[in-house]
1. Please find, within region 149-172, the residue that is farthest from Gly58 (Cα to Cα) out of those that are free of Cβ contacts under 8 Å to residues at least 60 places away in the same chain and among the charged types (D, E, K, R).
2. With the requirement that a residue be surrounded by 19 or more Cβ atoms within 10 Å (Cβ to Cβ), farther than 25 Å from Asp301 by Cβ and in contact with a Gly (Cβ under 7 Å, 6 or more places away or on another chain), what does region 394-420 give you?
3. Restricting to helices (runs of 4 or more DSSP H) lying wholly in region 66-182: which have 3 or more residues that are surrounded by 14 or more Cβ atoms within 10 Å (Cβ to Cβ) and of a type outside the set (Gly, Ala, Ser)?
4. Check region 36-50 and report whether any residue there is in contact (Cβ under 8 Å) with a residue 60 or more places away in the chain, under 27 Å from Gly267 (Cβ atoms) and out of contact with any Cys (no Cβ under 7 Å at 6 or more places or on another chain).
5. Of a type in the set (Val, Ile, Thr), in contact with a strand residue (DSSP E or B) (Cβ under 9 Å, 6 or more places away or on another chain) and either farther than 26 Å from Leu48 by Cβ or in a loop (DSSP other than H, G, I, E, B) (or both), is that true of Val416?
6. Picking from Phe374, Phe364, Phe340, which residue would you name as being under 23 Å from Gly253 (Cβ atoms), of a type outside the set (S, T, N, Q) and under 23 Å from the mean Cα position of the chain (by Cα)?
7. Can you name the residue in region 220-232 that is assigned to a strand (DSSP E or B) and of a type in the set (A, V, I, L, M) and is also surrounded by the most Cβ atoms within 10 Å (Cβ to Cβ) among such residues?
8. Only one of Asp358, Asp349, Asp342, Asp296 is among the acidic types (Asp, Glu) and under 24 Å from Ser227 (Cβ atoms). Can you tell me which?
Amino acid sequence: MSSTVVDMARVSGILLHITSLPSYGGIGDLGPAAYAFADFLKSSKQRLWQVLPLSPTGYGSSPYSALSAFAGNPLLISLEKLVGDGWLAPEQISGLAGHNGPVDFARAIQEKLPLMEEAAGNFLQRADASAQKRYQEFLQRNISWLPDYAIFTVLRRRFNLVSWDQWPVHFAHRHEDAMATLRTDSAHELAIEQVIQFFFDEQWSALKSYCAERDIRILGDVAIFVSYDSADVWTNPDIFELNENRLPICVSGVPPDYFSATGQRWGNPLYKWHTLAARGFDWWVARIRRSLALYDMIRLDHFRGFEACWSIPASEVTAVKGIWVKVPGTELFEHLRRVFGDLPFIAEDLGLITPEVDHLREHFHMPGMRVLQFGFSDRAAHLHLPHRFVPNTVVYTGTHDNNTTLGWWREDATNVERGNVETYLQPIRHEAEIVWALMRAAARSVADICIFPLQDVLHLGSEARMNTPAASTGNWAWRFEEGALHPDFAVQLAALTEMTDRDGYVPSELPSIPVSSSSAELAQTI
């Protein structure tokens, strides 16, 4: 595997989003449970922790429907750590929701955000010189996006969370006199939002350092598109395909296929790639710079869209009448490589992938993805089976969009798939065996990186599914129960990791192999 991705030859890791931790306050956060999970990774000899986007979420609480491509989600901030730092009193958080049960996003917003605003106010009033210095340095590092994000957040709250295109036009279109007045009249409110982002940055950096000390790298997720109702589009309308009223001209999606006769209309505004190219891809440079500050490695979601994207007229309610529009992906990645050097990118190349997409990925030595659950339906799906892998691959038993392996076997796998699993792997005498069978197959493969969703490590069923694509409710809320990380799971996973050479062990020297005199003599004559 290319050193552009990770500084280890063969590794494995676990996929777990921060919201799924059993943290205090009713939603997973960057507090004690995150550190306990890092310890679990260490004890089970895992070298990677994959998370979903950390951005503040909008409608539906999806991390892929973010209010900003740069900001951190305030709900991930640990109130316990704010108490420890002296910005809140212990009694202020004593009545919050407990550690167990699914995430209640509405309650978390209602209970946590006011406390974080109070903590930020306390910081502004009494932070010492050292904290103030770190805060000022944070502001300077993030000056390209933070002030506008703070204004966006304040205005969004002022106008009852409606989309920015519904705001009064002088704010929706960022008239300078209105913006200047807001910066003056709402200076304290804007500072509160910036301090909240500082809290997130400090807590995330501390957790990332804790992981690094244990030889654990963070694999983060960057979605190619951004939401229309986001600080990104509101701040930078000139780099998106918008009309004179700043409404989308065309939107993203994927064309009709075997799974959907009308395709998928995602609705994100498309980029004006020619404008971005003329500006030296400045917005993407800033975005990747921020992502590289957050993560050690980056998974590029919907990598196919960097070669060509499905452009749907915004007036269409389905994706049927879209067209493929070429994207200057080669020029973008060449420029990013000139700016940042080696690119630690992984390409999410699932779905219908053309030779041109493969060429783009291979040209920049990015690993592609394979998902074992996809490999057993028919002959065409065999590219997801280990005998078709190359080393520069990331293999998953399933992703956040899949059912858990146990749930897949119980509820989704067809009789054909079940038979193919038993032919390829082993007879499944008890349903629990399917999980370990797929985990072993992934770990034993030649793929340089192997990722297990925590749900599979814990042998959980469909009740632990993270996301069902196209489902309007019930997504993103799963949390594992406090105490679920039993040491036996760590022992079992560590043993598999050692036996498949994914623990980072490198022998100091090759063992000597006895050579017969006749063989030695023959070698000298060759």
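Since every read-out is calculated from the coordinates, none of them should be taken as a lab result. This is a predicted model, so every value here is computed, not measured. All Cβ positions, glycine included, derive from the backbone under ideal geometry; neighbour counts span all protein chains shown.
1. It comes out as Arg158.
2. Within region 394-420, Leu406 is the sole residue that qualifies.
3. Details: elements: 79-84, 105-126, 129-141, 146-158, 169-172.
The helices (runs of 4 or more DSSP H) meeting that bar are 79-84, 105-126, 129-141, 146-158.
4. There is at least one residue in region 36-50 that is in contact (Cβ under 8 Å) with a residue 60 or more places away in the chain, under 27 Å from Gly267 (Cβ atoms) and out of contact with any Cys (no Cβ under 7 Å at 6 or more places or on another chain).
5. Numbers: of a type in the set (Val, Ile, Thr): yes; in contact with a strand residue (DSSP E or B) (Cβ under 9 Å, 6 or more places away or on another chain): no; either farther than 26 Å from Leu48 by Cβ or in a loop (DSSP other than H, G, I, E, B) (or both): yes.
When the stated conditions are applied, Val416 does not pass them.
6. Details: Phe364 fails: under 23 Å from Gly253 (Cβ atoms); Phe340 fails: under 23 Å from Gly253 (Cβ atoms).
Sole residue among the options that is under 23 Å from Gly253 (Cβ atoms), of a type outside the set (S, T, N, Q) and under 23 Å from the mean Cα position of the chain (by Cα): Phe374.
7. The initial filter retains those residues of region 220-232 that are assigned to a strand (DSSP E or B), namely 220-223.
The next check asks that each one be of a type in the set (A, V, I, L, M); those that pass are 222-223.
Numbers: Val222: 20, Ala223: 22.
If we take residues in region 220-232 being assigned to a strand (DSSP E or B) and of a type in the set (A, V, I, L, M), then Ala223 is surrounded by the most Cβ atoms within 10 Å (Cβ to Cβ).
8. On the way: Asp358 fails: under 24 Å from Ser227 (Cβ atoms); Asp342 fails: under 24 Å from Ser227 (Cβ atoms); Asp296 fails: under 24 Å from Ser227 (Cβ atoms).
Going through Asp358, Asp349, Asp342, Asp296 in turn, the sole match is Asp349.
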